[in-house]
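For reference, the structure is listed below as structure tokens.
Nothing in this text is a laboratory measurement; each read-out follows from the coordinates by a stated rule. These numbers come from a predicted model, not from an experiment. When we count neighbours, we look across all protein chains shown, and the Cβ atoms used for this are built from the backbone with ideal geometry, even at glycine.
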Amino acid sequence: MIYAMSGKKKIPIGLGNTFAKCPMCGVLHPVDLPDLIMQTDGDLENVQVYCERCTQKRALAQAGAHRGKGVQTHG
Ligand SMILES: [Zn+2]
């Protein structure tokens, strides 16, 4: 078992008790630690994980920004 330490308190790290703070709205939301480690190559100190709502907002914003501009030419 792996623990996080807070002072002298040990907190076992499990799949259901690992959280990230959304950099956009500040909400604490649960993250899938094994998945995060895979996606970041283990660089968990610098990772920013957006909550589900902000992830969708960002996706929509990006889609909007590209609307009419995402032109690709063949040839
Ligand atoms: Zn958020």
Kindly rank 28-36, 2-10 from highest to lowest mean number of other beta carbons found within 10 Å of each residue. 28-36, 2-10
How tilted is helix 52-66 with respect to the longest principal axis of the chain? Cα atoms for both, answer in degrees (0 to 90, nearest 10). 20 degrees
Restricting things to Cα coordinates, could you compute the convex hull volume per residue of the chain in Å³? 137 Å³
Relative contact order in percent for segment 17-65 (Cα pairs under 8 Å, 6+ apart) equals 36 percent
What cysteines in the chain have no other cysteine with a beta carbon less than 4.7 Å from their beta carbon? 25, 54
In the neighborhood of residue 49, defined by Cβ-to-Cβ distances under 11 Å, what is the net charge if each Lys or Arg adds +1 and each Asp or Glu adds -1? -2
